[in-house]
Amino acid sequence: MILAIDMGNTNIVIGAIDDKKTYFVERVTTSHGKTDLEYAVNIKSILEIHDIPVSAIEGGIISSVVPPLNAAITSAVKKICGFKPMLVGSGMKTGLNIIMDNPKTVGSDMIVDMIAAQKSYPCPVIVIDMGTATTMSVADASGNYIGGVILPGLRVSLDSLSSKTAQLPHISLDIPDHVIGKNTIDCMRSGIMYGSAAMIDGIIDRMEAELGAPASVVATGGLARFVTPLCRHKISYEDDLLLKGLLILYNKNRRSSLS
């Protein structure tokens with residue numbers, strides 16, 4: 001069993017996973033003000049909540065889009081587990097051919113998501129990750145990572161709408177019963193949720209047109225489970241997709257370091 005951590009701009013996803021199953025997926029708030037000790041307490045508490053002894057954790061791996069926190073989280077894992085976790089980055093073997101203008105600028109989370117998706121879904125494949133930003137990554141029929149799109153996330157869009165308009169309140173992201181709202185809150189909720197679903201459907205249509213073939217579509221991220229049921233395309237949802245990708249990378253690079 002390994003400790004797999006994905007550091008995002010809003011949340012840090014922490015999970016325990018092995019080749020048999022995912023034991024838990026938890027989220028803590030990303031905070032630049034926390035010390036490594038505070039993050040270590042977070043990790044230790046999560047393990048205790050799920051009755052997983054530290055001795056059961058044989059290794060760890062981190063994916064991060066928040067470089068300033070890399071040292072703190074790495075130190076936190078070492079305090080708890082006694083080892084330094086792997087960090088997804090340049091020099092790590094991924095097995096993924098990235099056809100981009102500058103492959104090194106592709107977010108590590110997008111790479112890890114795609115690695116996991118290709119193991120379970122036929123190519124071409126589109127991976128949707130809905131977090132602070134909504135990203136849609138694409139692999140062609142040969143499995144090459146060929147690019148994608150980056151969109152404002154649901155909460156970013158909603159917070160912007162509420163903060164820039166004096167009479168529109170902050171609301172929760174519940175699934176609306178109808179597209180046509182009967183009050184301000186329902187109108188906002190319907191616009192955000194159905195608007196995001198329609199946007200995703202539209203982009204999938206255009207991506208498949210460029211690919212010249214239908215694509216497998218898989219979604220992940222904390223908000224995806226609310227939006228994907230509203231989409232017209234068939235979209236598989238996997239909350240632990242990125243953790244599965246981190247496990248694949250951990251095994252691949254552990255084997256290469258031992259050979």
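The values are calculated or read from the model by the stated rules, or taken from the named source; none is laboratory data. The structure displayed is predicted, hence computed values, not measured ones. Cβ atoms come from the backbone with ideal geometry, glycine included; neighbour counts cover every protein chain shown. Areas reflect the complete protein model, heavy atoms only, side chains present, ligands, DNA and RNA absent. Shrake-Rupley method; radii C 1.70, N 1.55, O 1.52, S 1.80 Å.
Quick notes on this one:
- In this view, the solvent-accessible surface of residue 185, computed with a 1.4 Å probe and all protein chains in place, comes to about 70 Å².
- Estimated FRET transfer efficiency (residue 66, residue 198; beta-carbon r; R0 25 Å; 0.05): 0.25
- Reported to the nearest whole Å, the Cα centre-to-centre distance from the stretch 185-219 to the stretch 73-123 is 26.
- Folded to 0 to 90 degrees: helix 154-164 orientation relative to the chain principal axis, Cα: 60 degrees
- Each residue of the stretch 54-59 was assigned a 3J(HN,Hα) from its phi angle through the Karplus curve 6.51 cos²θ - 1.76 cosθ + 1.60 (θ = phi - 60°); the sequence is 4, 5, 7, 8, 8, x Hz, with glycine and proline shown as x.
- Set of lysines with alpha-carbon distance to residue 79 below 19 Å, sequence-local pairs under 8 removed: 34, 44
- Amide H contacts under 5 Å for residue 52, placed H, 5+ residues apart: none
- Sequence-distant contacts, meaning Cα pairs under 8 Å at least 6 residues apart, place the relative contact order of the stretch 92-244 at 24 percent.
- Computed from Cα atoms, the angle from the helix 70-81 axis to the main principal axis of the chain rounds to 50 degrees.
- Computed FRET value (nearest 0.05) for residue 45 with residue 22, which takes r as the C-beta separation and R₀ as 22 Å: 0.70
- The C-alpha atoms of the chain define a longest principal axis, and helix 36-49 lies at about 80 degrees to it.
- Convex hull of the stretch 1-150 built on C-alpha atoms - directionally averaged projected area, nm²: 8.9 nm²
- Remark: accessible surface ordering of 94, 29 (largest first) is 29, 94, probe radius 1.4 Å.
- Rounded to 5, percent antiparallel among DSSP beta bridges of the stretch 108-235: 70 percent
- Accessible-area ranking of 240, 186, largest first, probe 1.4 Å: 186, 240
- Karplus-derived 3J(HN,Hα), 6.51/-1.76/1.60, for each residue of the stretch 243-252, Hz, glycine and proline x: 5, 5, x, 5, 5, 4, 5, 4, 5, 5
- Straight-line cross-link reach from residue 119 at under 29 Å between alpha-carbon atoms covers these lysines, not counting any fewer than eight positions away in the same chain: 20, 21, 84, 93, 104, 234, 244, 252.
- Using a Förster distance of 51 Å, the FRET efficiency for residue 78-residue 180 (Cβ separation, nearest 0.05): 0.40
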